[in-house]
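**Student:** The following block contains the structure, expressed as structure tokens.
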There are 2 protein chains.
Amino acid sequence: MDQKDFLTNIAFDSVVFGFSGGSLKILIMEYHNTGFFALPGGFVQRNENLNDAVRRGLKERTGLDNIYLEQFYTFGDTARYKPEIMQTILESGNYSLEKYEWLLDRFISVAYYALINYKEVVPQPDALSDSCEWYDIDALPPLIFDHADIVAKALQTLRDNLDRKLVGMNLLPARFTMNDLQKVYEAILGEKIRRTTFQRKMLSLEILKRHEKQYLGKAHKAPYLYSFED
Amino acid sequence: MDQKDFLTNIAFDSVVFGFSGGSLKILIMEYHNTGFFALPGGFVQRNENLNDAVRRGLKERTGLDNIYLEQFYTFGDTARYKPEIMQTILESGNYSLEKYEWLLDRFISVAYYALINYKEVVPQPDALSDSCEWYDIDALPPLIFDHADIVAKALQTLRDNLDRKLVGMNLLPARFTMNDLQKVYEAILGEKIRRTTFQRKMLSLEILKRHEKQYLGKAHKAPYLYSFED
């Protein structure tokens with residue numbers, strides 16, 4: 001993390017959404033011995049495209065290469081500049097404040113959201129943090145800087161894009177039941193939807209392909225499996 | 001423009017849309033003696049919010065304070081880094097390359113689009129440029145860096161937001177005819193719309209308030225004036 005290898009004053013943060021147990025979750029890092037929680041993020045190398053830097057960061061945290069990723073907003077208020085927090089994080093990790101002085105400068109952060117299949121990921125902490133864990137979107141710890149605002153805007157963007165870009169498909173396995181799909185929608189929207197209303201709407205969009213039934217021992221109730229049309 | 005007053009590696013660019021003579025136009029700067037054309041843009045002061053920096057820049061170019069402004073994407077590819085272009089611009093303006101060396105570094109640019117009432121604006125060039133003019137969106141000069149990509153993405157975002165955010169209202173005076181509104185939609189979408197289809201759709205949205213008729217000498221054909229509901 002040598003200053004000369006990175007652009008200064010510019011960072012990125014990622015809101016990584018996963019879906020499990022009926023609820024929407026995001027990845028949160030906890031920093032060594034500080035009690036600070038934050039979104040996974042990073043800095044842009046001088047010879048690297050911004051989008052590639054974000055993919056590199058996500059690969060390091062999730063092990064995944066091909067992640068559905070969308071840039072949604074760049075956060076640049078002066079109020080997000082709190083050098084004392086970064087100083088505490090560096091000191092707690094026994095990093096040289098002299099060498100890493102550039103990290104104490106003001107950063108504008110480009111925020112992305114990612115949608116991943118929860119089951120494919122084993123979250124990995126980075127050098128400065130001792131954990132990287134899934135948290136239920138409704139039960140996040142307090143986050144540093146403006147990271148709570150970044151999460152709120154990511155969730156709003158996800159809701160806005162739910163029908164338009166069919167982002168929900170990235171949170172599910174390749175084949176799923178109508179009930180699985182409904183649970184993803186309900187978790188993102190934060191509200192219950194009537195089963196018949198949901199099913200009618202989804203089928204009317206003509207984006208689903210029906211496959212065989214899913215037999216789980218109660219054959220008379222076996223639901224159909226669906227996938228998204230290519 | 002002293003380096004110590006500004007964040008490094010981060011810039012902004014604005015696509016300023018106006019509507020006149022039935023077509024959509026944007027503001028373009030031409031730099032002294034270079035033949036280079038570019039979007040109006042600028043840099044962020046160390047003590048300034050990113051959004052405020054963009055408003056400051058727009059105020060300088062248009063004289064307007066309350067502009068409809070939306071951030072839409074941050075451009076960070078390495079391919080946009082062309083220091084020889086900035087060097088030519090500085091040399092043509094007789095600026096010291098030593099003092100302004102920081103401008104020759106790589107910049108990530110946060111892009112915004114603005115919608116303004118064409119009639120309210122007298123475009124003002126900045127210190128480095130000798131003109132700031134309206135250009136028809138279909139007849140832009142070749143632009144430096146990735147500015148053509150920025151314009152294309154701004155236009156796509158404007159189209160995507162046309163119904164959802166009613167952005168068209170910012171391009172019209174407070175009262176307008178249905179025909180005025182249709183011309184704005186057609187200019188943004190780049191296609192003709194059937195008059196009856198357009199009128200039915202607009203009225204069904206229940207966003208328009210009908211006022212008196214606009215008499216222009218041919219009283220038997222006078223169209224109604226409308227405004228957007230508050």
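None of the figures in this text is laboratory data; all of them are computed from the coordinates on show. Note that the structure is predicted; figures quoted are calculated from it, not measured. Methodologically, a virtual Cβ is constructed for each residue, glycine included, from the backbone with ideal geometry; neighbour enumeration extends over all protein chains shown.
**Student:** If each label sits 7 angstrom from Cα along the C-beta direction, how far apart, in nm, is B:Pro83 from its counterparts in the other copies?
**Tutor:** In nanometres, ordered from closest: 2.6.
**Student:** Averaging sequence separations of C-alpha pairs under 8 Å and six or more residues apart, then dividing by the length of chain B, give the relative contact order as a whole percent.
**Tutor:** It comes to 24 percent, rounded to a whole number.
**Student:** Would you calculate the separation in nanometres between label points at B:Glu98 and B:Leu64, each defined as 7 Å from the Cα along the Cα-to-beta-carbon direction?
**Tutor:** Here the modelled spin labels are 4.3 nm apart.
**Student:** Efficiency by 1/(1 + (r/R0)^6): what FRET value for A:Ala174 and A:Ala148, r their Cβ-Cβ distance, R0 = 51 Å, to the nearest 0.05?
**Tutor:** E(calc), rounded to 0.05, equals 0.95.
**Student:** Can you put B:Met29, B:Met1, B:Met178 in order of Cβ neighbours within 10 angstrom, beginning with the fewest?
**Tutor:** B:Met1, B:Met178, B:Met29
**Student:** Tell me the angle of helix B:50-62 to the major Cα principal axis of chain B, expressed in degrees between 0 and 90 and rounded to the nearest ten.
**Tutor:** Tilt relative to chain B: about 70 degrees.
**Student:** Name the trypsin sites (Lys or Arg not before Pro) in region B:126-201 that are in a loop by DSSP and that have at most 15 other C-beta atoms within 10 Å, would you?
**Tutor:** For trypsin sites (Lys or Arg not before Pro) across region B:126-201 that sit outside H, G, I, E and B with at most 15 neighbouring Cβ atoms in 10 Å, the list reads B:Arg164, B:Lys165, B:Arg175, B:Lys192, B:Arg194.
**Student:** Follow-up question, since we're still on this one. Going by alpha carbons, how many degrees (0 to 90, nearest 10) lie between the helix axis of B:195-204 and the longest principal axis of chain B?
**Tutor:** 90 degrees
**Student:** Please check chain B for the longest run free of GluC sites (Glu not before Pro) that are loop-located per DSSP (anything but H, G, I, E, B) and have at most 15 other Cβ atoms within 10 Å.
**Tutor:** The longest such stretch corresponds to B:1-97.
**Student:** Also, I was wondering about something else. Using only Cα atoms, find the angle between the long axis of helix B:83-92 and the longest principal axis of chain B, and express it within 0 to 90 degrees, rounded to the nearest 10.
**Tutor:** For B:83-92 against chain B, the angle is about 90 degrees.
**Student:** Could I ask something else about it? Starting from the 7 Å offset along Cα-to-Cβ, what nm value, one decimal, do you get for the label separation of A:Leu140 and B:Asn33?
**Tutor:** Modelled inter-label distance: 5.3 nm.
**Student:** Show me the chymotrypsin sites (Phe, Trp or Tyr not before Pro) within region B:125-230 that DSSP assigns to loop and that have at most 16 other Cβ atoms within 10 Å of their Cβ.
**Tutor:** On the way: sites: B:Trp134, B:Tyr135, B:Phe145, B:Phe176, B:Tyr185, B:Phe198, B:Tyr215, B:Tyr224, B:Tyr226, B:Phe228; in loops: B:Phe145, B:Tyr215.
Within region B:125-230, the qualifying chymotrypsin sites (Phe, Trp or Tyr not before Pro) (loop, at most 16 other Cβ atoms within 10 Å) are B:Tyr215.
**Student:** Over all distinct Cα pairs, what is the inverse of the mean 1/r for chain A, reported as the Kirkwood hydrodynamic radius in Å?
**Tutor:** When all Cα pairs of chain A are included, the Kirkwood radius is 19.2 Å.
**Student:** Determine the shielding of peptide B:45-51 by partner chains: average, over its residues, the number of Cβ atoms on other chains within 10 angstrom of each Cβ.
**Tutor:** Counting Cβ atoms of other protein chains within 10 Å of each residue's Cβ and averaging gives 4.
**Student:** Compute the Kirkwood hydrodynamic radius of the protein assembly as shown, taking the inverse of the mean of 1/r over all pairs of distinct Cα atoms, and give it in Å to one decimal. Please report the intermediate quantities before stating the final value.
**Tutor:** Values: mean 1/r = 0.0399 Å⁻¹.
Final number for the Kirkwood radius of the protein assembly as shown is 25.1 Å.
**Student:** Still on this model: Using square roots of five times the C-alpha gyration tensor eigenvalues, list the equivalent-ellipsoid semi-axes of region B:2-53 in whole Å, biggest first.
**Tutor:** For region B:2-53, the ellipsoid semi-axes come out as 27, 16, 7 Å.
**Student:** How far is it, in nm, from the label point at B:Glu91 to the one at B:Gln214 when both lie 7 Å from their Cα along the line to the Cβ?
**Tutor:** It is 5.1 nm.
**Student:** Ratio of region B:49-115's C-alpha Rg to 2.2 N^0.38 Å, to two decimals?
**Tutor:** Working: Rg = 14.4 Å, N = 67, 2.2 N^0.38 = 10.9 Å.
This ratio for region B:49-115 stands at 1.33.
**Student:** List the distances, in nm to one decimal, from the label point of A:Asn94 to the label points of the same position in every other copy, shortest first, placing each label point 7 Å from Cα along the Cα-to-Cβ direction.
**Tutor:** For A:Asn94, the inter-copy label distances come out at 5.9 nm.
**Student:** A further question follows. Quickly estimate the mean residue ellipticity at 222 nm for chain B, helices only: each DSSP H run with n ≥ 4 gives -39500 (n - 2.57), and the total goes over all residues, rounded to 500.
**Tutor:** -8000 deg cm²/dmol
**Student:** Please report, for A:Asp230, the nm distances (one decimal) from its label point, 7 Å out from Cα along the beta-carbon direction, to the equivalent points in the remaining copies, shortest first.
**Tutor:** Taking the point 7 Å beyond Cα along Cα→Cβ, the inter-copy spacings are 5.5 nm.
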